[in-house]
Amino acid sequence: MIRSEVLREIVPLISDHLVVCNIGLPSQELHHIDDQPSNFYMLGTMGLASSIGLGLALAQKEKVIAIDGDGSVLTNLGTLPTVANNVADNFILLIIDNGSYGSTGDQPTYAGKKTSLAAVARACGCETVVEVAAKDTAQALKTALEGDKMTVIVSKCISGNIKLPVIAMDPVVIRDRFMREVQRRNS
Amino acid sequence: MSIDEKIVADFVANRIEFVTTVPCKQLGGVIDQVERSPQIHHVPSNKEDEGMGLCAGAFMGGKRAAIIMQNTALGVTGNTLATLIQFYRIPLPMLISYRGELGEPIACQVEMAVHTKALLAQLHIPTYHFHRQEDVGEFDKILKYTYMCNKPVAILTDASFWGGY
């Protein structure tokens, strides 16, 4: 399975939750498959999906799923100790690990070589970390959503992209629409 | 009221409930006050761009957020300021220790000090410079200004302001 296939499988589970989605193709794919006011699309700033997601989870009560990538987590590895030490049980960090920088032409990442992001997350102090094959991602996410425990899921899939246009929505519209949805769900 | 207490009191008076910090010797006192404040959720971050991500998330979650950091970090936050904080129009007070100014004992700090205001100007970030202790009197107005204009706003605080360290 490639990332867009993983996203298609988990959309029924995440559609009714707040989602912070990583820069580039992951956001374009999610936008294409299931655009929702509850989705925050990152149009830039590689690496910060987990940080934005954690800040959001700490600030309000609704569940938050940050969809990140292996390359993006590697560029902001300092996020994992912060996640581990600031426990938000309404936070799920889903790292779709295809071992490559998908948006830039599938150059290999170190996560596809010797580095295990699940092991790094555990070493950083994250208490609930699961690594699953792509086909088991939906089940792992379902368990995490039911568990009310901060969870890091590393979903190992293969690299590959589908061709999609960039997101044309203005960033302020994305942010405003998302904030109204956050407010509505918390009121 | 000490400068540290005044800064944190102004944060609280302006409903800033989420503060992330990356330490600097000059900022030790104010970081302690942030940590002690029952009204503020303090999340230390490992790097300032990460901290700005946390602030962006907290703001979208309904909490006003601020970052406390050193001026050297402007070197690593340019992209985040431009593509996250400014692009999505997220208000962000940045309380910054202005290392490398008069009284600085470490030569290397001067190397970023000489770029600090130029970088902020290039990024079109409203910038205030606290040099004398009474300058803290403007802090409350600067916070209100930040939430009026929905921009990142820098408050540079030098060694003279902090009374040496």
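Worth pointing out:
- Extending 7 Å from Cα along the Cβ direction at A:A119 and again at A:A133 yields two label points whose distance is 2.1 nm.
- Rounded, prolate or oblate (a/c below 1.5 giving rounded, otherwise prolate when a/b exceeds b/c) for segment A:62-187 by Cα gyration tensor: oblate
- For chain B, built as a Gaussian network whose Cα springs stay under 10 Å, the top-fluctuating residue of B:G100, B:G53, B:G61: B:G61
- Relative contact order of chain A, taken over Cα pairs closer than 8 Å and 6 or more residues apart, is 27 percent.
- Whichever aspartates and glutamates have a C-alpha closer than 20 Å to that of B:K144, once near sequence neighbours (fewer than 8 apart) are set aside: B:D4, B:E5, B:D10, B:E17, B:E134, B:D135
- Taken about its Cα centre, chain B carries a charge dipole of about 480 debye when Lys and Arg each add +1 at the Cβ and Asp and Glu each add -1 at the Cβ.
- The protein assembly as shown - share of DSSP beta bridges that are antiparallel (%, nearest 5): 5 percent
- Peptide B:79-88 - average C-beta neighbours from other chains (10 Å radius): 6
- Per-residue extension of 0.36 nm, minus the Cα-Cα distance of B:E138 and B:V110, leaves a gain of 7.5 nm for this segment.
- Whichever lysines have a C-alpha closer than 30 Å to that of A:K113, once near sequence neighbours (fewer than 8 apart) are set aside: A:K135, A:K142, A:K149, A:K156, A:K163, B:K47
- For the protein assembly as shown, the 222 nm mean residue ellipticity estimated from helices alone, with every DSSP H stretch of n ≥ 4 adding -39500 (n - 2.57) and the total spread over all residues, rounds to -12500 deg cm²/dmol.
All of the numbers you see were taken from the coordinates with simple rules; none came from a lab. Predicted model only: the values in this text are computed from it and were never measured. Positions of Cβ are backbone-derived with ideal geometry, glycine not excepted, and every protein chain shown enters the neighbour counts.
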